[in-house]
Amino acid sequence: MKVITIINGHPGSGQTTVTVNLATGLLAKGRRVLILDWGNNQKLIQWLGTVPLQTSQGCQAPGPPITSTRLGVDLLSFACVEGGQTVADALVPFMEGTDYEYILIHPASIEHAKQLIDLPYKLAVCTDLEHLDELGLIRTLQQNLGVEDDARPVDLIISNKINTKEWEHNSQQLFALGDYFGYETLADPIPHCERIHDLPLTGWTVWDLQQENLKSAFTRLVATVEEL
(Lines give C-alpha, C1' and ligand atoms only; values in the text may rest on other atoms or scores of the structure.)
Protein backbone atom coordinates (compact mmCIF):
# COMPACT_ATOMS: atom_id res chain seq x y z
CA MET A 1 0.00 0.00 0.00
CA LYS A 2 1.20 3.49 -0.85
CA VAL A 3 0.11 6.45 1.26
CA ILE A 4 0.73 9.90 -0.21
CA THR A 5 0.06 13.23 1.48
CA ILE A 6 -0.71 15.89 -1.14
CA ILE A 7 -0.28 19.54 -0.12
CA ASN A 8 -0.09 22.95 -1.78
CA GLY A 9 3.21 24.77 -2.01
CA HIS A 10 1.10 27.93 -1.87
CA PRO A 11 -2.65 28.60 -2.22
CA GLY A 12 -4.27 27.65 -5.52
CA SER A 13 -1.52 25.30 -6.67
CA GLY A 14 -3.82 22.40 -7.49
CA GLN A 15 -3.98 20.19 -4.39
CA THR A 16 -7.61 19.15 -4.95
CA THR A 17 -7.28 18.97 -8.75
CA VAL A 18 -4.27 16.67 -8.49
CA THR A 19 -5.86 14.52 -5.78
CA VAL A 20 -9.08 13.84 -7.71
CA ASN A 21 -7.51 13.28 -11.13
CA LEU A 22 -4.69 11.16 -9.73
CA ALA A 23 -7.17 9.06 -7.75
CA THR A 24 -9.44 8.47 -10.75
CA GLY A 25 -6.44 7.75 -12.96
CA LEU A 26 -5.24 5.08 -10.56
CA LEU A 27 -8.77 3.73 -10.29
CA ALA A 28 -8.95 3.38 -14.09
CA LYS A 29 -5.88 1.15 -13.90
CA GLY A 30 -7.69 -1.21 -11.55
CA ARG A 31 -6.22 0.11 -8.29
CA ARG A 32 -8.21 0.30 -5.05
CA VAL A 33 -8.04 3.96 -4.07
CA LEU A 34 -9.17 5.90 -1.00
CA ILE A 35 -9.04 9.67 -0.57
CA LEU A 36 -8.66 10.61 3.07
CA ASP A 37 -10.03 14.13 3.40
CA TRP A 38 -8.77 15.73 6.59
CA GLY A 39 -10.90 18.81 7.11
CA ASN A 40 -14.13 18.11 5.20
CA ASN A 41 -13.06 20.07 2.12
CA GLN A 42 -16.31 21.10 0.44
CA LYS A 43 -14.83 21.49 -3.04
CA LEU A 44 -13.44 17.97 -2.86
CA ILE A 45 -16.63 16.48 -1.42
CA GLN A 46 -18.89 18.12 -4.00
CA TRP A 47 -16.58 17.19 -6.87
CA LEU A 48 -16.60 13.54 -5.86
CA GLY A 49 -20.38 13.62 -5.67
CA THR A 50 -21.02 12.78 -2.04
CA VAL A 51 -21.95 14.61 1.16
CA PRO A 52 -19.84 15.42 4.21
CA LEU A 53 -20.00 13.06 7.14
CA GLN A 54 -22.15 14.45 9.93
CA THR A 55 -20.74 14.51 13.45
CA SER A 56 -22.39 15.72 16.63
CA GLN A 57 -19.35 17.62 17.89
CA GLY A 58 -17.68 18.54 14.62
CA CYS A 59 -14.89 16.07 15.20
CA GLN A 60 -14.38 12.59 13.84
CA ALA A 61 -11.36 10.34 13.87
CA PRO A 62 -10.63 8.06 10.90
CA GLY A 63 -12.77 5.00 10.70
CA PRO A 64 -15.98 3.69 9.13
CA PRO A 65 -18.10 4.67 7.36
CA ILE A 66 -16.19 5.02 4.11
CA THR A 67 -18.27 6.62 1.36
CA SER A 68 -18.35 5.31 -2.19
CA THR A 69 -18.46 8.37 -4.45
CA ARG A 70 -20.01 9.04 -7.84
CA LEU A 71 -16.55 8.98 -9.45
CA GLY A 72 -15.86 5.51 -8.05
CA VAL A 73 -13.13 6.56 -5.63
CA ASP A 74 -13.80 5.84 -1.95
CA LEU A 75 -13.77 8.79 0.45
CA LEU A 76 -13.19 9.08 4.17
CA SER A 77 -13.68 12.55 5.64
CA PHE A 78 -12.91 13.67 9.15
CA ALA A 79 -12.64 17.04 10.83
CA CYS A 80 -9.99 16.43 13.47
CA VAL A 81 -8.55 13.85 15.84
CA GLU A 82 -10.63 13.31 18.93
CA GLY A 83 -9.67 13.77 22.54
CA GLY A 84 -6.05 13.13 23.39
CA GLN A 85 -5.36 11.05 20.28
CA THR A 86 -2.45 11.94 18.08
CA VAL A 87 -2.69 11.66 14.31
CA ALA A 88 -0.48 8.57 14.48
CA ASP A 89 -2.82 7.02 17.05
CA ALA A 90 -5.73 7.46 14.65
CA LEU A 91 -4.16 6.90 11.26
CA VAL A 92 -1.65 4.10 11.69
CA PRO A 93 -4.11 1.44 12.94
CA PHE A 94 -6.56 2.46 10.23
CA MET A 95 -3.93 2.18 7.48
CA GLU A 96 -2.78 -1.20 8.76
CA GLY A 97 -6.33 -2.52 8.72
CA THR A 98 -7.23 -1.63 5.12
CA ASP A 99 -6.57 -3.34 1.80
CA TYR A 100 -6.43 -0.20 -0.33
CA GLU A 101 -3.52 -0.05 -2.74
CA TYR A 102 -3.37 3.76 -2.63
CA ILE A 103 -4.47 6.22 0.03
CA LEU A 104 -4.23 9.89 -0.91
CA ILE A 105 -4.33 12.20 2.11
CA HIS A 106 -5.77 15.67 1.45
CA PRO A 107 -4.96 17.76 4.57
CA ALA A 108 -6.68 21.11 5.02
CA SER A 109 -3.64 23.02 6.23
CA ILE A 110 0.09 23.02 6.79
CA GLU A 111 -0.60 22.42 10.47
CA HIS A 112 -2.37 19.20 9.52
CA ALA A 113 0.46 18.17 7.22
CA LYS A 114 2.97 18.95 9.98
CA GLN A 115 1.36 16.27 12.16
CA LEU A 116 1.88 13.71 9.39
CA ILE A 117 5.50 14.49 8.59
CA ASP A 118 7.02 11.88 10.91
CA LEU A 119 4.84 9.07 9.57
CA PRO A 120 6.33 6.81 6.87
CA TYR A 121 4.28 8.24 4.03
CA LYS A 122 5.23 9.98 0.80
CA LEU A 123 4.90 13.77 0.50
CA ALA A 124 3.82 15.42 -2.76
CA VAL A 125 3.89 19.21 -3.11
CA CYS A 126 1.81 20.99 -5.75
CA THR A 127 3.18 24.23 -7.15
CA ASP A 128 2.50 26.39 -10.21
CA LEU A 129 5.89 28.08 -10.86
CA GLU A 130 4.26 31.52 -11.07
CA HIS A 131 6.55 33.02 -8.43
CA LEU A 132 10.14 34.13 -8.96
CA ASP A 133 11.53 31.80 -6.30
CA GLU A 134 9.61 28.53 -6.05
CA LEU A 135 12.62 26.87 -4.43
CA GLY A 136 12.58 29.45 -1.65
CA LEU A 137 8.84 29.00 -1.17
CA ILE A 138 9.08 25.23 -0.86
CA ARG A 139 12.06 25.48 1.48
CA THR A 140 9.99 27.83 3.62
CA LEU A 141 7.21 25.26 3.47
CA GLN A 142 9.66 22.69 4.81
CA GLN A 143 10.51 24.99 7.70
CA ASN A 144 6.80 25.47 8.44
CA LEU A 145 6.49 21.69 8.52
CA GLY A 146 9.18 21.64 11.19
CA VAL A 147 11.72 19.86 8.99
CA GLU A 148 15.42 20.62 9.05
CA ASP A 149 16.55 22.30 5.84
CA ASP A 150 18.85 19.44 4.84
CA ALA A 151 16.28 16.70 5.55
CA ARG A 152 14.41 17.24 2.24
CA PRO A 153 11.28 15.15 2.90
CA VAL A 154 9.64 16.09 -0.41
CA ASP A 155 9.17 12.97 -2.54
CA LEU A 156 7.37 14.56 -5.50
CA ILE A 157 6.95 18.11 -6.84
CA ILE A 158 3.98 18.54 -9.18
CA SER A 159 4.08 21.73 -11.25
CA ASN A 160 0.60 22.83 -12.35
CA LYS A 161 -0.88 25.55 -14.56
CA ILE A 162 2.28 25.81 -16.64
CA ASN A 163 2.24 28.59 -19.23
CA THR A 164 3.87 26.93 -22.23
CA LYS A 165 4.95 30.35 -23.57
CA GLU A 166 7.19 30.97 -20.57
CA TRP A 167 9.62 28.10 -20.83
CA GLU A 168 12.67 30.20 -19.97
CA HIS A 169 11.09 31.12 -16.64
CA ASN A 170 9.72 27.60 -16.14
CA SER A 171 13.09 26.02 -16.91
CA GLN A 172 14.90 28.26 -14.43
CA GLN A 173 12.45 27.29 -11.70
CA LEU A 174 12.56 23.58 -12.52
CA PHE A 175 16.37 23.51 -12.67
CA ALA A 176 16.55 25.22 -9.27
CA LEU A 177 14.08 22.72 -7.76
CA GLY A 178 15.81 19.77 -9.42
CA ASP A 179 19.27 20.84 -8.30
CA TYR A 180 18.10 21.09 -4.69
CA PHE A 181 15.55 18.30 -4.30
CA GLY A 182 16.82 15.97 -7.02
CA TYR A 183 15.45 15.69 -10.53
CA GLU A 184 13.80 12.40 -9.68
CA THR A 185 11.34 14.37 -7.51
CA LEU A 186 10.04 16.45 -10.44
CA ALA A 187 6.85 15.24 -12.09
CA ASP A 188 6.25 16.29 -15.68
CA PRO A 189 4.61 19.75 -15.70
CA ILE A 190 0.86 20.00 -16.22
CA PRO A 191 -0.12 22.72 -18.74
CA HIS A 192 -2.53 25.51 -17.89
CA CYS A 193 -6.09 25.08 -19.11
CA GLU A 194 -9.27 26.81 -17.97
CA ARG A 195 -11.17 23.56 -18.50
CA ILE A 196 -9.34 22.06 -15.53
CA HIS A 197 -10.66 24.83 -13.29
CA ASP A 198 -14.21 24.07 -14.44
CA LEU A 199 -14.00 20.37 -13.62
CA PRO A 200 -15.29 20.65 -10.02
CA LEU A 201 -18.38 22.46 -11.33
CA THR A 202 -19.17 19.82 -13.94
CA GLY A 203 -18.22 16.81 -11.83
CA TRP A 204 -15.93 15.64 -14.62
CA THR A 205 -12.27 14.68 -14.46
CA VAL A 206 -9.43 15.36 -16.86
CA TRP A 207 -10.12 11.93 -18.37
CA ASP A 208 -13.45 13.24 -19.71
CA LEU A 209 -11.83 16.09 -21.67
CA GLN A 210 -10.76 16.13 -25.31
CA GLN A 211 -7.40 17.80 -24.62
CA GLU A 212 -4.88 15.02 -25.20
CA ASN A 213 -2.00 17.07 -23.77
CA LEU A 214 -3.79 17.29 -20.43
CA LYS A 215 -4.66 13.61 -20.35
CA SER A 216 -1.09 12.74 -21.31
CA ALA A 217 0.28 14.91 -18.50
CA PHE A 218 -1.91 13.21 -15.91
CA THR A 219 -1.19 9.77 -17.39
CA ARG A 220 2.50 10.45 -16.82
CA LEU A 221 1.72 11.64 -13.28
CA VAL A 222 -0.11 8.39 -12.54
CA ALA A 223 2.87 6.41 -13.83
CA THR A 224 5.26 8.51 -11.73
CA VAL A 225 3.21 7.91 -8.57
CA GLU A 226 3.14 4.18 -9.26
CA GLU A 227 6.95 4.24 -9.25
CA LEU A 228 7.31 6.19 -5.96
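The values are calculated or read from the model by the stated rules, or taken from the named source; none is laboratory data. What you see is a predicted model, and the numbers here were worked out from it, not measured in a lab. In this analysis, Cβ positions are derived from the backbone assuming ideal geometry, glycine residues included, and neighbour counts consider all displayed protein chains.
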Item to complete: Scan region 205-228 residue by residue and report those that are within 21 Å of R31 (Cα to Cα) and in contact with a Leu (Cβ under 9 Å, 6 or more places away or on another chain).
Response: T205, V206, D208, K215, F218, L221, V222, T224, V225, E226, L228
Item to complete: Filter region 166-205 down to the residues that are aliphatic (A, V, I, L, M) and assigned to a loop (DSSP other than H, G, I, E, B), then identify the one that is farthest from Q46 (Cα to Cα).
Response: A187
Practice prompt. Check A151, A108 and return the single one that is at pLDDT 85 or above and among the small types (G, A, S).
Written response: A108
Fill in: Among the candidates I162, I190, residue that is buried (at least 16 other Cβ atoms within 10 Å of the Cβ), over 26 Å from V3 (Cα atoms) and not basic (K, R)
I162
Response to the item:
Only one of L91, L119, L129 is at pLDDT below 85, touching a Pro at 6+ places or on another chain (Cβ under 8 Å), outside any strand (DSSP E or B) and not polar (S, T, N, Q), namely L91
Item to complete: Output the residue which, of all residues in region 1-17 that are more than 20 Å from Q142 (Cα to Cα) and of a type outside the set (S, T, Y), is modelled with the lowest pLDDT.
Response: M1
